[in-house]
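A.B. asks: Submitted below is the structure of interest, expressed as structure tokens.
The values are calculated or read from the model by the stated rules, or taken from the named source; none is laboratory data. Keep in mind that this is a model prediction, so the values were computed, not measured. Note that we place each Cβ from the backbone using ideal geometry, even for glycine, and neighbour counts take in every protein chain shown. Just so you know, the surface numbers come from the protein's heavy atoms only, side chains and all, with ligands and any DNA or RNA stripped out. Shrake-Rupley method; radii C 1.70, N 1.55, O 1.52, S 1.80 Å.
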Amino acid sequence: MESHDTSTVRARPEPLRAVPVRHPGRWVAVAVLAVLVAMFVHLLVTNDAFNWSFMVDKMFRPPIIEGLLRGTVLMTVSAMLIGVTLGVVVAVMRLSDNPILRGVAWLYTWFFRAVPRLVLLAVFGNIGILWSRIEFGVPFDTQLGQLFGIDNLQLRLFGFSSRDILTGFMAGLLGLALSEAAYMAEIVRAGIQSVDEGQTEAAQALGMSRGQLLRRVVLPQAMRVIIPPTGNETIAMLKDTSLLLYVPVSVELFFQLDAVGKRTFQIFPMYVAACLWYLFLTSILLVGQYFLERHFGKGYGPAGRARLRLRGMTAETGGGGNSGTVGPA
Amino acid sequence: MSELIPGQAGAPAAESRTGAPADGTGLMVRAEQVHKSFGSLEVLKGIDLQVRAGEVCCLLGPSGSGKSTFLRCINHLEKINAGSIRVDGELIGYRERGGRLHEMREKEVAAQRRSIGMVFQRFNLFPHMTVLGNVTEAPVLLGREKKAAARERAAQLLERVGLGDKLGAYPGQLSGGQQQRVAIARALAMRPKLMLFDEPTSALDPELVGEVLDVMKDLARDGMTMIVVTHEIGFAREVGDTLVFMDGGVVVESGDPREVIANPRHERTRTFLAKVL
Ligand SMILES: Nc1ncnc2c1ncn2[C@@H]1O[C@H](COP(=O)(O)OP(=O)(O)OP(=O)(O)O)[C@@H](O)[C@H]1O
Ligand SMILES: [Mg+2]
């Protein structure tokens, strides 16, 4: 207090000399942690079951790298692309005036958020058991035909063998992407709703249609709210590709590591390898997310908006005060 | 260059003031028995209002009297429950066919709104676009103008509202008064025949009110038909052709602004004016 006062009075204050606050607790914590780390390293190094040399030797093998690139990286990218696109569509449907679209969108998010991803993937992987062929056409065609005395009426437009299409990669992709779309829809919906109502009104007043104002005015502004959680979703998706083991998708990192482990009876080292790979991959994404969030957090963002809102609020109360009116605002 | 409304280029202000008949009646806006409820709350209880082409109509009234709601009904941002609103002879939001009313599709409503400009209390500029982008967005997107032509006209409009040097700025970098002037230019870019202002200066610091009112006076002088919700009595007295006082969802009294302000006939008008003046 005193030093502060003198420093403002004097032209050139002399440097402040004070004994800094000591933090003995920190040193105790460091000591405790050092012991714990030493114990952990001891555990890792002295236990032969970890078999480090074996792990390092196996974890860079071509099938594993291929599984990583296709089953993990490519799958994450594709599932997120489809998930985000479909998610935007579902979110827009959810917010539409059309009660049928709204209902369908609600049903969609309800279903795909209620069923666990693992179960969903198992279902998609085994859908071939139910229908060997998947066909599109007039529903109940054979049954309708019988009503009119036609035997075995078939009004199928096109179809494909589910064994050809819905196995492995495609089944996994479909499962992950459809489920992701449900979560993304919620994120996009929150983003759209975060945009000030006045923006929509201004665009409407200019004569824009709903689609136009969504695309040009609302969604670009919703992005700031949508992008950070989408980063989280991408990281979660990357980790969830390990669930593809249950489809099963064979060209996938965890499937491959697991297979090597079971084949060689060295299960644990391969699980550790999986940990290390996922740590590595998610760390890359975390760095990317850091920069994305920094980018979208700056500029005219939340602070500017808050200021504007504040001004609007003071204007409202100020206007009422000016006119000195009574009654509900 | 000197006229703010290119659509009426060359037309002497005085001529459009006297009201070049738009549909034979000379009325730009004709509202009849407009009713509007939000749920069980009846906000508008039968509003009748006529605004001649080229006129400035000032709407006055206490908070909650339904001024904003009525203004929003005029460009169908709110659906009315009963009555009718015509702008330039055209029924808003509905089509008459075979003696029956048909609700318009969203697209048709959007098309109607294009000839009605609206300016909001809180500006509602698009924060992710530059000033130029804000003004050119709608004309280009809606196919009114090619990009180059729209930019040129936007630059002219912005010059006219005194912001010729702010084309590349973002709304967040402007003062409230500047933002509101951009909002006016944005509305004018669609070449509206009618402009609606909902308390355009209430969100502004006192020293910024004048610059916005000046632009509006300019616009009025050029013969734009305007409906202005405002508490600026000075503005109403100076440029208003009619003053309409609303309270509790009805028009309490209306007439020449100077007349109404000087000797209001109704008690409610008198108490309100006493508080505002
Ligand atoms: N979307 C809405 N839903 C429900 N009630 C509404 C809605 N919009 C307005 N109201 C109500 O209608 C009444 C009139 O509101 P309006 O905004 O038209 O008043 P105003 O005359 O513009 O007041 P102010 O001077 O405060 O702007 C208020 O009681 C308000 O609460
Ligand atoms: Mg209002």
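A.B. asks: So how many residues does segment B:68-78 have that are more than 6 Å from ligand 1 (Cβ to nearest atom) and open to solvent by 10 Å² or more (accessible area, probe 1.4 Å)?
C.D. replies: Residues in segment B:68-78 being more than 6 Å from ligand 1 (Cβ to nearest atom) and open to solvent by 10 Å² or more (accessible area, probe 1.4 Å): 4 in total.
A.B. asks: How many residues, within segment B:135-156, are open to solvent by less than 20 Å² (accessible area, probe 1.4 Å) and away from every other protein chain (no Cβ under 14 Å)?
C.D. replies: The total comes to 0.
A.B. asks: Answer yes if at least one residue in segment A:260-273 is polar (S, T, N, Q), modelled with pLDDT under 80 and either more than 16 Å from ligand 1 (Cβ to nearest atom) or part of a helix (DSSP H, G or I) (or both), and no otherwise.
C.D. replies: no
A.B. asks: Taking segment B:31-62 as the region of interest, how many residues are surrounded by 21 or more Cβ atoms within 10 Å (Cβ to Cβ), within 9 Å of ligand 1 (Cβ to nearest atom) and not aliphatic (A, V, I, L, M)?
C.D. replies: 3
A.B. asks: Consider B:ARG191 carefully, then state whether it is at positive phi and touching a residue at least 60 places away in the same chain (Cβ under 8 Å).
C.D. replies: yes
A.B. asks: Is at least one residue of segment B:51-64 hydroxyl-bearing (Ser, Thr, Tyr) and either more than 26 Å from B:GLU232 (Cα to Cα) or not in a loop (DSSP other than H, G, I, E, B) (or both)?
C.D. replies: No, because not a single residue in segment B:51-64 is hydroxyl-bearing (Ser, Thr, Tyr) and either more than 26 Å from B:GLU232 (Cα to Cα) or not in a loop (DSSP other than H, G, I, E, B) (or both).
A.B. asks: Further, regarding this structure: From the list B:VAL209, B:VAL140, pick out the single residue that is touching a helix residue (DSSP H, G or I) at 6+ places or on another chain (Cβ under 6 Å) and in a helix (DSSP H, G or I).
C.D. replies: B:VAL140
A.B. asks: Go through (1) touching a Ser or Thr at 6+ places or on another chain (Cβ under 7 Å); (2) closer than 19 Å to A:ALA205 by Cβ one by one and return the number of the condition B:ASN75 breaks.
C.D. replies: (1) is the only condition that B:ASN75 fails.
A.B. asks: Do any residues in segment B:49-64 that are farther than 15 Å from B:GLU199 by Cβ have Cβ atoms under 8 Å from those of residues that are near ligand 2 (Cβ under 10 Å from one of its atoms), where the two are at least six apart or on different chains, and which pairs are they?
C.D. replies: Sorted first by the residue in segment B:49-64, then by its partner, the pairs are B:LEU49/B:PHE70.
A.B. asks: Looking only at segment B:157-184, which residues are within 12 Å of chain A (Cβ to nearest Cβ) and within 21 Å of A:GLN221 (Cβ to Cβ)?
C.D. replies: B:ALA169, B:TYR170, B:PRO171, B:GLY172, B:GLN173, B:LEU174, B:GLY176, B:GLN179, B:GLN180, B:VAL182, B:ALA183
A.B. asks: On to the next question. Answer with yes or no whether A:SER242 is modelled with pLDDT under 90 and either closer than 26 Å to A:VAL123 by Cβ or surrounded by 15 or more Cβ atoms within 10 Å (Cβ to Cβ) (or both).
C.D. replies: Against the criterion (modelled with pLDDT under 90 and either closer than 26 Å to A:VAL123 by Cβ or surrounded by 15 or more Cβ atoms within 10 Å (Cβ to Cβ) (or both)), A:SER242 does not qualify.
A.B. asks: Considering A:VAL30, A:VAL56, A:VAL37, which residue is under 25 Å from A:LEU253 (Cα atoms) and among the β-branched types (Val, Ile, Thr)?
C.D. replies: Every option except A:VAL56 fails the conditions.
A.B. asks: Here's a follow-up. Considering only segment B:229-277, state which residues are in a helix (DSSP H, G or I), charged (D, E, K, R) and without any contact (Cβ under 8 Å) to a residue 24 or more places away in the chain.
C.D. replies: B:GLU238, B:ARG258, B:GLU259, B:GLU267, B:ARG268, B:ARG270, B:LYS275
A.B. asks: Could you please give the count of residues in segment B:84-125 that are within 16 Å of ligand 1 (Cβ to nearest atom) and either outside any strand (DSSP E or B) or farther than 24 Å from A:VAL218 by Cβ (or both)?
C.D. replies: 6
A.B. asks: Just give me the residues in segment B:211-230 being over 20 Å from B:SER115 (Cα atoms), open to solvent by less than 30 Å² (accessible area, probe 1.4 Å) and away from ligand 2 (no atom under 15 Å from the Cβ), in sequence order.
C.D. replies: Selection gives B:VAL212, B:LEU213.
A.B. asks: Inside segment B:61-89, can you point out the residues that are within 14 Å of chain A (Cβ to nearest Cβ) and away from ligand 2 (no atom under 16 Å from the Cβ)?
C.D. replies: Within segment B:61-89, B:HIS76, B:LYS79, B:VAL87 qualify.
A.B. asks: Another question, then. Need a quick list: helices (runs of 4 or more DSSP H) entirely within segment A:124-236 having at least 2 residues that are within 14 Å of chain B (Cβ to nearest Cβ) and open to solvent by 40 Å² or more (accessible area, probe 1.4 Å).
C.D. replies: Qualifying helices (runs of 4 or more DSSP H): A:197-205, A:210-213.
A.B. asks: In addition: Across segment B:114-125, what is the total count of residues that are buried (at least 24 other Cβ atoms within 10 Å of the Cβ) and away from ligand 2 (no atom under 16 Å from the Cβ)?
C.D. replies: 3
A.B. asks: A follow-up question, please. Out of the residues in segment B:234-257 that are among the hydrophobic types (A, V, I, L, M, F, W, C) and open to solvent by less than 30 Å² (accessible area, probe 1.4 Å), state the one that is nearest to B:ASP222 (Cα to Cα).
C.D. replies: Checked segment B:234-257; the qualifying residue nearest to B:ASP222 (Cα to Cα) is B:VAL239.
A.B. asks: Further question: In segment B:94-107, what count of residues is obtained for those that are open to solvent by 60 Å² or more (accessible area, probe 1.4 Å) and either within 21 Å of the chain's Cα centre (by Cα) or within 14 Å of chain A (Cβ to nearest Cβ) (or both)?
C.D. replies: Final tally of qualifying residues: 4.
A.B. asks: How about segment B:115-134: which of its residues are at the interface with chain A (Cβ under 8 Å from one of its Cβ atoms) and among the aliphatic types (A, V, I, L, M)?
C.D. replies: Correct list: B:ILE116, B:MET118, B:LEU125.
A.B. asks: Right, B:LEU204: under 30 Å from B:MET129 (Cβ atoms), within 14 Å of chain A (Cβ to nearest Cβ), within 16 Å of ligand 1 (Cβ to nearest atom) and without any contact (Cβ under 8 Å) to a residue 40 or more places away in the chain or not?
C.D. replies: Spelling it out, B:LEU204 is indeed under 30 Å from B:MET129 (Cβ atoms), within 14 Å of chain A (Cβ to nearest Cβ), within 16 Å of ligand 1 (Cβ to nearest atom) and without any contact (Cβ under 8 Å) to a residue 40 or more places away in the chain.
A.B. asks: From (1) polar (S, T, N, Q); (2) within 13 Å of ligand 1 (Cβ to nearest atom); (3) surrounded by fewer than 22 Cβ atoms within 10 Å (Cβ to Cβ), pick out the condition that doesn't hold for B:SER65.
C.D. replies: Condition not satisfied by B:SER65: (3).
A.B. asks: I'm checking my understanding of the structure. Among residues of segment B:195-210 that are farther than 29 Å from B:VAL87 by Cα and of a type in the set (D, E, K, R), which one is farthest from ligand 2 (Cβ to nearest atom)?
C.D. replies: So, considering only residues that are farther than 29 Å from B:VAL87 by Cα and of a type in the set (D, E, K, R), the one farthest from ligand 2 (Cβ to nearest atom) is B:GLU207.
A.B. asks: Moving on to the next point. Using the structure shown, decide if A:LEU101 is at pLDDT 95 or above, loosely packed, with under 13 Cβ neighbours inside 10 Å and under 30 Å from A:ASN232 (Cβ atoms).
C.D. replies: no
A.B. asks: Turning to a different aspect of this structure: Considering (1) under 24 Å from A:ALA171 (Cβ atoms); (2) in contact (Cβ under 8 Å) with a residue 40 or more places away in the chain, say which one A:VAL119 fails and leave the rest.
C.D. replies: (2) is the only condition that A:VAL119 fails.
A.B. asks: Now, a different point. Report yes if B:ALA187 is more than 17 Å from the chain's Cα centre (by Cα), at pLDDT 95 or above and over 21 Å from B:GLU238 (Cα atoms), otherwise no.
C.D. replies: Spelling it out, it is not the case that B:ALA187 is more than 17 Å from the chain's Cα centre (by Cα), at pLDDT 95 or above and over 21 Å from B:GLU238 (Cα atoms).
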